[in-house]
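The values are calculated or read from the model by the stated rules, or taken from the named source; none is laboratory data. Computed from a predicted structure; not experimentally measured. Cβ atoms come from the backbone with ideal geometry, glycine included; neighbour counts cover every protein chain shown. We work out accessible area using only protein heavy atoms, side chains counted, and drop any ligands, DNA or RNA first. Shrake-Rupley method; radii C 1.70, N 1.55, O 1.52, S 1.80 Å.
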Amino acid sequence: MKNTELTKNYELWLEKAVRDDDLVNELKAMNGNDALIEDAFYRELSFGTGGLRGVIGAGTNRMNIYTVAKASKGLADYVIKHFPEGKRSIAVSYDSRIKSDLFARVAAGVFAQNGIKVYIYTELMPTPCLSFAVRELECAAGIMVTASHNPAKYNGYKVYGADGCQITSEAAEEILCEIEKLDVFADSEYMEFEDGLNSGLISYIPDSVYTAFIEQVKGQSMLKNENIDKDVAIVYTPLNGSGLKPVLRALSESGFGNITVVSEQEKPDGNFPTCPYPNPEIREAMALGMKYAAEKKADLLLATDPDCDRVGIAVKNPQGEYVLLTGNETGMLLLDYICSKRTENGTMPNDPVLVKTIVSIDMADRIAASYNVKTINVLTGFKYIGEQIGMLEAKGKADSYIFGFEESYGYLSGTYVRDKDAVVASLLICEMFAYYESKGISLLQKLNQLYEQYGFCLNTLHSYEFEGSAGFEKMQNIMASLRSDISAFGGKNVIKALDYNTGIDGLPCSDVLKFMLSDNCSVVVRPSGTEPKLKIYISVSAESREAAAAVTEKIKLGVEEYLK
C-alpha cells in the first residue's frame, strides 16, 4: 500500500473509529509516526481457517471492535446464505483476554442485527465448551474469542462450523469473500448487547449445557470400579484463564480433592502478570506452578492455557526435582494408558483409530500398532482431527475413535467435542497418574518402559519470530528457498522431500514442507497460522536421549542456515 493510501486510511479511522475510547486515544497518539501507522494499516487482519488473530489495537491489522464486527458480518452473511431462517443460530464464548468479553458482545450484536439467534455463555468458558454448545444447541456456527496461548497483547477468535469443528479451508475462503465485500464502518453495524437480550435475539446458554459437557468429560474415564487412591497431591494453574471452574469441577466430581490452585494465576486476568507468555509448552509459564509443587510436595502439576484447550504437566524424578513432560510424551502415555485399559476392560472397539498430526511423534504409530489400533496422520491443526471424527461418524463408526493428539499439548478422548479439550485431558492425566501410582510406577518410569519397548525418539519444536510486514515477506522467501534442491541438514541426507502445498495422501493443500532424512530423522517446516512465526519440527531416532539431543542440535543449525 502506498503511503498516501496508508495516510488516507489512517485519517478515515481517526474520523470514524469513535466507539471505543482506547482506539480514539491510540489513533491520536499515532499522528506523525509513519512506522506505527504503517504497521497498523499495511494490510487487513488476516482471516483464515483459524479465524482472526492479531495484536489488540487500532487499525485494519489489529484486533478491535471494528475488525471484529466486519468479520462477524461476513460470518453472518455466510450463515444466511447457507442455512434456512429457522436454523440460523450462532454460539459464542470467550476467555480471559483483554477485551474478550467486549469482542464477544460486539460479535453477538452483529449476529443479532442480522436476525441470527445468538447463544452466549454467562461467563468466560473454554474452547471445548464452545465446540460442545454448537453441537448441543444445533447451531449453524460458533465463535470463540481467544488468542489461545499467545502473549497478552494478542486477541482473536476462532470460527466453528455446525459440526463443532473449526471451519474448513473452503468455508474460510467463502467467509473471507463475504468479508472483503464490506466497508469496515458502513457495513458492520451491531445491536447493543442489552437490546439483543431484551429482544430475545440474544440468550444466555443454560447451565444444563455446561453440566452436560462435564458429564461427557467424566464419561471418558478408563477406570471401571478399580479401587485406586485418588488422594494424590495435585497443583493446578489455569494461567489466569478460563479453565478454573470446569477443570476443578471435573476433577472433584471424579474423586480428586487434594488440589492446590496457584493463587497468583487463579483469577481470570488478560494481562497474565506472572506468565507473560501463557503457554504450558514454555517453561517460564510453568515456573510458578513448579515452585508451588515443590512447596506443597505435590505429586503432579497441571497447567491449562487461557482458553483451556491445552494442558502441560510436571512430575517428580527420583531426585525429587520436577520434570516437565513434552506434549508428545504426555500424548504417548495417554495413548498407551487408554489402549491398555480398553483392552483390559473389554471396551476396545472393533476398528479402533488414533488420529494425530504429521508433526507429532512417530513413535505413537508404533504404540498404536501394538494394540492393533490404526493411525491416521493429518495436517497440523486439531480441526483436522475433528474432521476425521466427523468422517467416522458419517460412516456410523464414531465409536472407532479412541484418542487424538498433537505435539502442542492438545488431546481429546471421546467425540462429544471436535476440538482439543484440556478439561478431559486433565482428568485422564490425573487418573492415569493415580492408576500407575497404585502399582508403584511413576509416569517417568512408565515413559522409560515405552522407550525401552519401542525405541527412543526425540521430537523438538523450534520457533522463529518474524514481526511486521518485513517479517511476513521474509517468511515467504524462506519457504521459497527451502523448496529448492536441498541435499542435507546437519550431516543427515535428505531422502525425500514432501511438499504439502501440492496435496499429499489426500490431505488439503497446506504451506508445509517435510524432509525425510537418513537414520529415521525428519524435519518439518511450516509458517504458523496464528502467529508471526516459522515453526521447525525436528524428529530424531537414536540410542539415547543424549545422542538424540546432539543430532538434533546439528540438524537445527543446518536448518537455520536457510533462515539467514
For this session: Kindly provide the pair-distance distribution of the range 335-492 built from C-alpha pairs, with 5 Å bins from 0 and whole-percent values in order of increasing distance.
Result: 2, 7, 14, 17, 19, 14, 9, 8, 7, 3, 1, 0
Seminar exercise, completed: Given unit charges at Cβ for Lys, Arg (+) and Asp, Glu (-), the dipole magnitude of the range 419-564 about its Cα centre in debye, nearest 20, is 200 debye
For this session: Measure out, as a whole number of angstrom, how far apart the alpha-carbon centroids of the range 140-169 and the range 258-292 sit.
Result: 23 Å
Exercise. Where in the range 279-334 are there GluC sites (Glu not before Pro) that are in a DSSP coil and have at most 12 other Cβ atoms within 10 angstrom of their Cβ?
Worked result: Glu321
Problem set entry | Whole-number accessible area per residue in Å² for the chain, which is evaluated in the context of all protein chains at 1.4 Å | 40 Å²
Exercise. Hey, got the dipole for the chain? About the Cα centre, +1 on K and R Cβ, -1 on D and E Cβ, debye to the nearest 20?
Worked result: 740 debye
Seminar exercise, completed: Computed over the chain, the relative contact order (Cα-Cα under 8 Å, seq sep at least six) in percent reads 12 percent
Exercise. With θ set to phi - 60° and the Karplus curve 6.51 cos²θ - 1.76 cosθ + 1.60, what are the ³J(HN,Hα) couplings of the range 107-113 in order, to the nearest whole Hz, using x for Gly and Pro?
Worked result: 4, 4, x, 5, 4, 4, 4
Problem set entry | Dipole of the chain, positive end: most advanced residue of Val323, Met516, Ser360 [Cβ charges, Cα centre] | Met516
Problem set entry | Sulfur and carbon atoms: percent of accessible area, the range 442-554 [1.4 Å] | 48 percent
Exercise. What share of all Cα pairs of the range 226-300, in percent, falls into each consecutive 10 Å distance bin?
Worked result: 20, 49, 27, 5, 0
Problem set entry | Coil-residue trypsin sites (Lys or Arg not before Pro) of the range 1-56, DSSP, other Cβ within 10 Å capped at 14 | Lys2, Arg19, Arg43
For this session: Filter the trypsin sites (Lys or Arg not before Pro) in the range 332-430 down to the DSSP loop ones having no more than 15 other Cβ atoms within 10 Å, then list what survives.
Result: Lys395, Lys397
Exercise. Residue-wise, which Karplus ³J(HN,Hα) couplings in Hz belong to the range 502-507, taking 6.51 cos²θ - 1.76 cosθ + 1.60, θ = phi - 60°, and x for glycine or proline?
Worked result: 8, x, 10, 6, x, 7
Problem set entry | Spatial separation of Cα centroids for the range 175-225 and the range 331-397, in angstrom | 29 Å
Exercise. At 20 °C and 1.002 mPa s, what whole-number value in µm²/s does Stokes-Einstein give for the translational diffusion of the chain, with Rh from the Kirkwood sum over Cα pairs?
Worked result: 88 µm²/s
Exercise. Just the C-alpha atoms of the range 273-369: what Rg/Rh do they give, with Rh taken as the Kirkwood radius?
Worked result: 1.04
Exercise. In whole Hz, what ³J(HN,Hα) sequence does the range 214-221 give by Karplus (6.51, -1.76, 1.60; θ = phi - 60°), x for Gly and Pro?
Worked result: 4, 5, 5, 4, 4, x, 8, 4
For this session: Treating each Cα of the range 168-321 as an identical point scatterer and ignoring solvent, apply the Debye formula and state log10 I(q)/I(0) at q = 0.16 Å⁻¹.
Result: -1.01
Exercise. Using alpha-carbon pairs under 8 Å, 6+ residues apart, how would you state the relative contact order of the range 485-564 in percent?
Worked result: 25 percent
Problem set entry | Euclidean distance of C-alpha centroids, the range 1-55 and the range 97-131, integer Å | 24 Å
For this session: For the range 99-213, calculate the relative contact order in percent as a whole number, restricting contacts to Cα pairs under 8 Å that are 6 or more residues apart.
Result: 39 percent
For this session: Only helical DSSP H runs with n ≥ 4 go in: add -39500 (n - 2.57) per run for the chain, normalise by residue count and round the 222 nm mean residue ellipticity to 500 deg cm²/dmol.
Result: -13000 deg cm²/dmol
